[in-house]
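See structure below.
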Amino acid sequence: MARKIIIDCDPGIDDSLAIMLALSMPDQIELLGITIAAGNSPVEMGYQNALKVLDFMGRLDVPVFMGADRPLRREFINALDTHGSDGLGESFLPETDPAKYVRQERSALEFMAETLRREPASLIALGPMTNIAMLAQKHPDAFDNIEELVSMGGSFRSHGNCSPVAEYNYWCDPDAASIVYEEMDRRKRLISMVGLDVTRRIVLTPDLLAYFKRLDHRIGGFIEKITGFYLDFHWEWEHLIGCVINDPLAVACFADKDLCRGFTSYVQIETGGISIGQSVVDSMHFYRHSPNALVMTEVDTLAFFRLFFSSLLGVDKSELDLLPQLIRTDSRTIDD
Ligand code: RIB
Ligand code: CA
């Protein structure tokens, strides 16, 4: 039975790959809608980018809703330096024809609140959690109805990507992230934190891209088009041949619980000072506080790419015989 989800995101190159993956797993995932927050891209750009991806996938039936255009308190700092001036790797895809979709009147918050009041659904957060924090504050009954909350964000032992200690989604809106973790704590519930410790092991390399294109030139060509800028960015900043595709791992981790492993812990988000945005993971139980998060620390990289390729290509995993030799599964990651 497919599980109903809402994806809250900031497309964004890896957000786009995550949306593509979610749409390619109809047996596991029913995507009820996409809500947009300001993050990688300004919110209108993120909205248009989500439509471009849905159009490519032939799924403009999936509704997209505009959300917060800035963080709760902090000045908005986008990540277009990483995702390109169009937020999609400077692929400069044409804007989606307005005649092909319905521009939703409801806001992201209204859609989330009405949907979750109607039926339990899971929430996969792939950007700054501004919309989700506002849901918790203004519609706590709807927030209660979130079946599972998965967040791509934070880091435990891995270094940050916006500061020595902070990951972008939680750094961009630390107040929202803090509220969400506190709200989960108040409810004695666990948020799945799919952070940099595991996403940094998900590196889309030129070899993997070449393999993808050999198997399906159309989809592989699209992924190549939107990730080229991202590959350049990773070479310039991390001397990495490949690009870390964070967000699809959060979707995969939701769909296949064997992909990632971790531990439960109490987590707080720093909202000021030099460590702003840091996810402070109390792995040693100093605060004697019950856990509010499942912190992911290990991932089966090969299993992820088998799922990613087989879902997007619509082929059986057994047909992907070249994958094992293309995946870097050694212990060394870009962390080392
Ligand atoms: O730090 C990586 C995260 O921030 C990803 O979700 C990326 O899309 C950006 O939103
Ligand atoms: Ca994102």
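We did not get these values from a lab; they are worked out from the coordinates using the rules stated. Keep in mind it's a predicted model, so treat the numbers as computed, not measured. When we count neighbours, we look across all protein chains shown, and the Cβ atoms used for this are built from the backbone with ideal geometry, even at glycine.
Within the chain, DSSP assigns beta bridges of which about 30% are antiparallel (rounded to the nearest 5). Subtract the Cα-Cα distance of residue 235 and residue 27 from 0.36 nm times their separation in residues, and report this length gain in nm to one decimal. Length difference between fully extended and current span is 71.2 nm. Sequence-ordered 3J(HN,Hα) estimates for region 114-124 from the Karplus curve with 6.51, -1.76 and 1.60 and θ = phi - 60° stand at 5, 5, 6, 6, 7, 7, x, 8, 9, 10, 10 Hz, glycine and proline given as x. Between residue 186 and residue 289, the contour length at 0.36 nm per residue exceeds the alpha carbon distance by 35.9 nm. With both labels modelled 7 Å from their Cα along Cα-to-Cβ, the residue 110 to residue 264 distance reads 3.8 nm. Regarding region 138-286, what's the average projected area of the Cα-atom convex hull, expressed in nm²? Spelled out: convex hull of the Cα atoms, projected over all directions, averaged, 10.9 nm².
Suppose R0 equals 22 Å. What FRET efficiency, 1/(1 + (r/R0)^6) with r the Cβ-Cβ distance, do residue 99 and residue 217 give to the nearest 0.05?
Efficiency at R0 = 22 Å is approximately 0.20.
Dipole size of region 105-166 about its Cα centre, with +1 on Lys/Arg Cβ and -1 on Asp/Glu Cβ: approximately 280 debye, rounded to the nearest 20.
Projecting the Cα atoms of 191, 217, 121 onto the charge dipole of region 112-227 (Cβ charges, centred on the Cα centre) puts 217 farthest toward the positive pole. Among 100, 225, sorting on how many other beta-carbon atoms sit within 10 Å of each Cβ, with the fewest leading, yields 100, 225.
Evaluated with a Cβ-only charge set (Lys, Arg +1; Asp, Glu -1), region 86-202 carries a dipole of roughly 320 debye about its Cα centre, given to the nearest 20. The alpha carbon gyration tensor of the chain gives principal lengths a ≥ b ≥ c with a/c below 1.5, which makes the shape rounded. The Cα center of region 176-224 and the Cα center of region 23-40 differ in position by 13 Å.
Across the options 130, 158, 66, the greatest Cα extent toward the positive end of the charge dipole of region 54-203 (unit charges at beta carbon of Lys, Arg, Asp, Glu) belongs to 158. Would you work out which of 87, 37, 291 lies farthest towards the positive end of the dipole of the chain, given +1 charges on the beta-carbon of Lys and Arg and -1 on that of Asp and Glu, about the Cα centre? The residue sitting farthest along the positive end of the dipole is 291. Charged side chains reduced to their Cβ positions (Lys and Arg at +1, Asp and Glu at -1) give the chain a dipole of some 520 debye around its Cα centre. Legend: calculated FRET efficiency, residue 117 to residue 73, from the Cβ-Cβ distance at R0 = 25 Å, rounded to 0.05, equals 0.35.
Does region 121-216 come out rounded, prolate or oblate by the C-alpha gyration tensor, with a ≥ b ≥ c the root eigenvalues, rounded set by a/c under 1.5 and, if not, prolate when a/b is larger than b/c and oblate if not? It is prolate, given that a/c is not under 1.5 and a/b is the larger ratio. Which residues does a label at residue 1 reach in region 104-143, if reach means a backbone N under 18 Å from a point 7 Å past the Cα toward the Cβ? Only 116-123 pass the distance filter.
Find the centroid of the Cα atoms in region 127-142 and in region 54-121, then give the distance between the two in whole Å. Using only Cα atoms to place each centre, the spacing works out to 16 Å. If R0 is 41 Å, the Cβ-Cβ spacing of residue 144 and residue 225 corresponds to a FRET efficiency of close to 0.50. Comparing mean-square fluctuations of 266, 230, 287 from a GNM of the chain with C-alpha springs under 10 Å, the top value falls on 287. Sequence-ordered 3J(HN,Hα) estimates for region 45-50 from the Karplus curve with 6.51, -1.76 and 1.60 and θ = phi - 60° stand at 5, x, 4, 5, 5, 4 Hz, glycine and proline given as x.
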